[in-house]
Amino acid sequence: MLKKLLLFFIAVIALTACDDELKYTGDERVLYQGRITDANGSPLQGVPVSVYISKDGYSGLYYNPISDTDIISYTTTDAGGNYKMFYPAPRNQNNIALLVNYQNAYNPQNTTYSSTSFQNLIPENLSDNKLDFEDIKLFEVANATTLSININNAGGYAISKLNLVGLIDKNEVDYNFNLPLEDENYNYQESYLVAKNQTVTLKYQTRTYINDNTLISNHEVQIPIGSEPVNYTLEF
């Protein structure tokens, strides 16, 4: 009898310990694929690419590979810059992130080039269980300058999201930018390392309240980047 009770308590502890772990269907696989190039479109070989998934209850923005997260798939690009990864579809995730040229436990970062990530990926982005990211461009960080963004809010609106589109180092791209963010405590990044001589698109989402209704609006502006640091003030 004592042995049976001991086995029962061990089983309960084991099940409790698994509550915080990600769960997978086991019979369904997802395919992520794409191509990594330099700023001129030439393929980059050996660039690490990985997929991280966080458990339900954690914000889809922005990803940080710490506790309650899983690296579920990883690879490096081939001679043509191509990558392809299969992973089992999880059952309790609310954020999937694709990390490009970030060091992980299996592959080092190519420090010559920038890194980027695609955050807030959701199952609805898939077509036949596949998502093709197509060409993703990285740039040599030696050819970089800084972009600083200041917010001048004169209209009483709140910033819900802010994203940059272009050649940006350590960029966190919200793949579903137009969807409203549930968490109202959004902190935007103020300084970026960007490639010289390009035009960056600044996308931002605002939130305001009218007659107890929440109004969400999406906007974008173009920011020209030369060879010198840029200080840009966003007024809205």
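Nothing in this text is a laboratory measurement; each read-out follows from the coordinates by a stated rule. Just so we're clear, the structure is a prediction, and the values are computed from it rather than from any experiment. Ideal geometry is used to build each Cβ from the backbone, glycine not excepted, and the neighbour counts take in all protein chains shown.
Read phi for every residue in region 138-152 and hand back ³J(HN,Hα) as whole Hz from Karplus 6.51 cos²θ - 1.76 cosθ + 1.60, θ = phi - 60°, with x for Gly and Pro.
Here the 3J(HN,Hα) series is 10, 10, 6, 5, 5, 9, 10, 9, 10, 10, 10, 10, 10, 10, 10 Hz.
Place a label point 7 angstrom from the Cα of Thr201 along the Cα-to-Cβ direction, then list the residues of region 213-234 whose backbone nitrogen is under 12 Å away.
219-223
Normalising by the residue count of region 141-235, find the relative contact order in percent from Cα pairs under 8 Å and 6+ residues apart. Spell out each step's value before the answer.
Working: 177 pairs, mean separation 40.0, N = 95.
Once normalised by length, the contact order is 42 percent.
Compare the peptides 29-40, 208-219 by average per-residue count of other Cβ atoms within 10 angstrom and give them in order, highest first. Walk me through the numbers before you get to the answer.
Details: 29-40: 17.7, 208-219: 10.2.
Result, highest mean Cβ count within 10 Å first: 29-40, 208-219.
Going down the table (Lys137/Lys170; Lys161/Lys203; Lys84/Lys130; Lys130/Lys161), which pairs top 18 Å between alpha carbons? Display every interim value, and only then the final one.
Working: Lys137/Lys170 12 Å; Lys161/Lys203 8 Å; Lys84/Lys130 10 Å; Lys130/Lys161 27 Å.
Flagged as over cut-off: Lys130/Lys161.
Which trypsin sites (Lys or Arg not before Pro) in region 121-214 pass both tests, a DSSP loop state and at most 15 other beta-carbon atoms within 10 Å?
Numbers: sites: Lys130, Lys137, Lys161, Lys170, Lys196, Lys203, Arg207; in loops: Lys170, Lys196.
Those that pass, being in a loop and sparsely packed, are Lys170, Lys196.
Check which residues have an amide H placed less than 5 Å from Phe139's amide H, if you skip close sequence neighbours.
Those qualifying (amide H under 5 Å, at least 5 residues apart or on another chain) are Ser114.
Give the shape of region 131-212 as rounded, prolate or oblate, defined through the alpha-carbon gyration tensor: a ≥ b ≥ c are the square roots of its eigenvalues, a/c under 1.5 means rounded, and otherwise the shape is prolate if a/b is larger than b/c and oblate if not.
Working: a/c = 2.92, a/b = 1.63, b/c = 1.79.
Cα axes put region 131-212 in the oblate bin.
Can you give me the distance in nm between label points at Phe236 and Val221, each placed 7 Å from the Cα along the Cα-to-Cβ direction?
Distance between the two pseudo-spin positions: 1.0 nm.
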